[in-house]
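Below is one structure; the comments refer to it alone.
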Amino acid sequence: MALAVVFLPLLAAAIAGFFGRAIGDRLSQAVTCGALLVSMGLGIALFFVVILPHAGPQTVPIASWIVAGGLDADWALRLDTLSGVMILVVTIVSAMVHIYSVGYMAEDPGIPRFMSYLSLFTFFMLMLVTADNFVQLFFGWEGVGLCSYLLIGYWYDRPSADAAAIKAFIVNRVGDFGFALGIFAVFVIFGSLDFTTVFAKAPAEANTVIDFLGWRVAALPLACVLLFVGAMGKSAQIGLHTWLPDAMEGPTPVSALIHAATMVTAGVFMVARLSPLFEYAPTALAVVGVIGGTTAMFAASIGMAQNDIKRVIAYSTCSQLGYMFFAAGVSAYMAAMFHLFTHAFFKALLFLGAGSVIHAMGGEQDMRRMGGLWRKVPITYVVMWIGALSLSGIPLFSGYYSKDTILAAAWASGTAVGRYSFTLGTLAAFMTAFYSFRLIFMTFHGETRADHATLHHAHESPWVMLIPLIVLAAGAALAGYFTEPYFVGALHTWFWHNSILVLPQDNSLQAAERLHGIVTYAPLAAGLLGIATAYLFYIVDPAIPERLAIQYRAIYLFLLNKWYFDELYDRLFVNTAFSLGDGLWKVGDGRIIDGLGPDGIAAAATELAREASRAQTGYVYHYAFAMLIGVVALVTWYLFPR
């Protein structure tokens, strides 16, 4: 069963990719969608098998992969609650995205290629979440990076899509360099890359020190921080986040698949998987918590000022991933995974709902050119409300249960990192609710700002696109309520019994159960205040945002331009690299290497030949004189005493 779940998407990708032209668009769609639906059904069944109380971590061997010296890495599938949850999330969301793509990409000329890329991406993600060792984890990690490049740059005839794909690839390589160094460090410390072996040895290696760049440093925190650098790139945390909004150049189904349940959550999954290491590296956990809390606030602030409907949701993803990381930073890995689970439903819903709006508006993505659309797209309107309410953390919707648990655990941890994360997370809760309903009000309410032709064209999406929206809306509305007892409630110890380690002194989730008072209501109050503010700004008095943008222009431009991270990186890295390359080309290569090398020798030979040719005058007496000089020189040499 496990092998079928993982390899069916690969088989479908191969069929659509290699034989797509022969079998045509419809059959390519049928093969890929059918394979994902079967994989989803088997994944759901597998999930219920692996969470059984008697089920310890199970390993399904595939083949011996690498046997070289002290490195022995098998290709195998690790099945436990953690991988079961990820399989559930990946297969459900991916299946819905595949079905949605049938309608959204109906007019695209490269349907088999697109469907093949989607299925290949799903295969690599499933390989990542079922990895039994660091080598296989790295294989899946790099595979989803490759597929994200292919999917973001799918419309390769657009220069903006090409640039976005290259940017995503390069920024992720920066993070992946740290990730690779972390894997090397793990091998140096433990002499193995097998999860079971490494986890068993972690307590004994907690105080080990190693040499790093000439310094004696604690080995385990160093390895964990380096591994987290990889997570920062893949999960778009502050500093390595700049690729995420540009990735919106890909088709909308790609945005939903990459930014909801799969690639960007790989970093969160990795930290949870490696909890037996991070628990013995409190310094690394503090880094994770600070970066996560900062990202949650930073990305939410940018989302408030963006006008592209997909970019708003992209920065929302970045912010919500920050919540997951600072939950992990206070050892509330179960809460992080709970938010990953609920977030997959409502964020995929919002992205696909945005795609439905874009489809209705003939490709328009600027919310300033929308408004009053709810009558044109009533089903999309309703499901987008569900997604926005869940994202804003309103009670009874999925996001409420997971987000509040994260913030409660952060405060209950009693650490400086926890209090820092709680403060920024509560501020981000206000911003999240504000930009979520800013999107709803600007897109669906008020007077229309679209031109007459676009508004006349606007229509509801076909059912092949609406059915996935309805399925995801059900998850966004109900998944949190029904799964809360298992993920973080009374049954969470039973549920996570075989996959996550939390040391007793770090159990912030247990401490959160005793929390009471104003702290428990602060996130909900912040969310409701954010919704009320958005209603005031965009329904009651729509002139307020423009007045504030003029009055506080510097702040507005700071947020609109994404804290100027791209401009800063252009100046520090891009322009510096161009200047260095230009100097090495013109001075190093042109003047020194070529100037003194091939070009210099050729120029010297040419000049020598030119000077020698001047002796060829054509006059006999010149030649006779030269012969006489030669004879004199020869006689002198002969007679000179030696």
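The values are calculated or read from the model by the stated rules, or taken from the named source; none is laboratory data. Just so we're clear, the structure is a prediction, and the values are computed from it rather than from any experiment. Note that each Cβ is placed from the backbone with ideal geometry, even for glycine, and that neighbours are counted across all protein chains shown. Just the protein is used for accessible areas: all its heavy atoms, side chains included, with ligands, DNA and RNA removed. Shrake-Rupley method; radii C 1.70, N 1.55, O 1.52, S 1.80 Å.
Things to note:
- Residue satisfying all of: in the stretch 137-175; free of Cβ contacts under 8 Å to residues at least 12 places away in the same chain and outside any helix (DSSP H, G or I); surrounded by the most Cβ atoms within 10 Å (Cβ to Cβ) among these: Tyr156
- All positions within the stretch 320-364 that are over 25 Å from Ala95 (Cα atoms) and among the polar types (S, T, N, Q): Ser331
- Note on the stretch 178-193: residues that are under 23 Å from the mean Cα position of the chain (by Cα) and closer than 17 Å to Ile66 by Cα total 3.
- Members of the stretch 224-253 found to be assigned to a helix (DSSP H, G or I), surrounded by fewer than 24 Cβ atoms within 10 Å (Cβ to Cβ) and not hydrophobic (A, V, I, L, M, F, W, C), listed by number: Asp246, Glu249
- The set of residues in the stretch 1-13 being touching a residue at least 40 places away in the same chain (Cβ under 8 Å) and either open to solvent by 30 Å² or more (accessible area, probe 1.4 Å) or under 16 Å from Met86 (Cα atoms) (or both) consists of Met1, Ala2, Leu3, Val5, Val6, Phe7, Pro9, Leu10.
- Selection count, the stretch 328-358, where residues are buried (at least 24 other Cβ atoms within 10 Å of the Cβ), closer than 16 Å to Ala266 by Cβ and either over 22 Å from the mean Cα position of the chain (by Cα) or not charged (D, E, K, R) (or both): 9
- Of all residue pairs spaced 6 or more apart or on separate chains, those with beta-carbon atoms under 7 Å, a first member in the stretch 482-495 that is in contact (Cβ under 8 Å) with a residue 24 or more places away in the chain and a second member that is assigned to a helix (DSSP H, G or I) and open to solvent by 30 Å² or more (accessible area, probe 1.4 Å) are Glu484/Tyr401; His492/Tyr486; Phe495/Tyr486.
- For the stretch 400-421, taking the residues that are open to solvent by 10 Å² or more (accessible area, probe 1.4 Å), in contact (Cβ under 8 Å) with a residue 40 or more places away in the chain and hydrophobic (A, V, I, L, M, F, W, C), the one that is farthest from Ala512 (Cα to Cα) is identified as Val417.
- Residue pairs whose Cβ atoms lie under 9 Å apart, sitting 6 or more positions apart in sequence or on different chains, and linking a residue in the stretch 559-582 that is under 30 Å from Leu548 (Cα atoms) to a partner that is open to solvent by 60 Å² or more (accessible area, probe 1.4 Å), are Asn561/Glu567; Tyr564/Phe558.
- The stretch 383-399, subset part of a helix (DSSP H, G or I) and of a type in the set (Val, Ile, Thr), residue least open to solvent (accessible area, probe 1.4 Å): Val383
- Index of the failed condition, Phe325 passing every other in (1) touching a Gly at 6+ places or on another chain (Cβ under 6 Å); (2) at pLDDT below 90: (2)
- Residues in the stretch 504-519 that are over 29 Å from the mean Cα position of the chain (by Cα) and open to solvent by less than 50 Å² (accessible area, probe 1.4 Å): Ala511, Ala512, Leu515, Gly517, Val519.
- Enumeration of residues in the stretch 622-642 that are farther than 17 Å from Ala612 by Cα and either open to solvent by 90 Å² or more (accessible area, probe 1.4 Å) or modelled with pLDDT under 80 (or both): Leu628, Leu634, Trp637, Tyr638, Leu639, Phe640, Pro641, Arg642
- Counting the residues of the stretch 180-191 that are touching a residue at least 24 places away in the same chain (Cβ under 8 Å) and open to solvent by less than 50 Å² (accessible area, probe 1.4 Å) gives 7.
- Selected residue [part of a helix (DSSP H, G or I) and under 30 Å from Arg438 (Cβ atoms)] from Tyr564, Tyr623, Tyr638: Tyr564
- Looking across the stretch 359-382, the residues that are open to solvent by less than 10 Å² (accessible area, probe 1.4 Å) and in a helix (DSSP H, G or I) come down to Ala360, Met367, Thr380.
- Criterion applied to Ala408, Ala450 was being at pLDDT below 95, out of contact with any His (no Cβ under 8 Å at 6 or more places or on another chain) and farther than 24 Å from Leu528 by Cβ, and the one residue passing it is Ala450.
- For the stretch 99-124, a tally of residues being touching a Gly at 6+ places or on another chain (Cβ under 7 Å) and at pLDDT 90 or above returns 4.
- Any hit, the stretch 282-303, residues being closer than 30 Å to His457 by Cβ and not β-branched (Val, Ile, Thr): yes
- Candidates Arg438, Arg419 - the one that is modelled with pLDDT of 90 or more, among the basic types (Lys, Arg) and within 26 Å of the chain's Cα centre (by Cα): Arg438
- Odd one out for Ile66 among (1) touching a residue at least 60 places away in the same chain (Cβ under 8 Å); (2) surrounded by fewer than 24 Cβ atoms within 10 Å (Cβ to Cβ); (3) out of contact with any strand residue (DSSP E or B) (no Cβ under 9 Å at 6 or more places or on another chain): (3)
- Of the residues making up the stretch 586-615, those that are outside any helix (DSSP H, G or I) and either modelled with pLDDT of 80 or more or of a type in the set (Gly, Ala, Ser) (or both) are Gly597, Ala615.
- From the list Gly583, Gly527, the one residue that fits, being out of contact with any helix residue (DSSP H, G or I) (no Cβ under 8 Å at 6 or more places or on another chain), assigned to a helix (DSSP H, G or I) and open to solvent by less than 60 Å² (accessible area, probe 1.4 Å), is Gly583.
- Residue within the stretch 518-533 that is in contact (Cβ under 8 Å) with a residue 60 or more places away in the chain, touching a Lys or Arg at 6+ places or on another chain (Cβ under 6 Å) and farther than 25 Å from Trp243 by Cβ present: no
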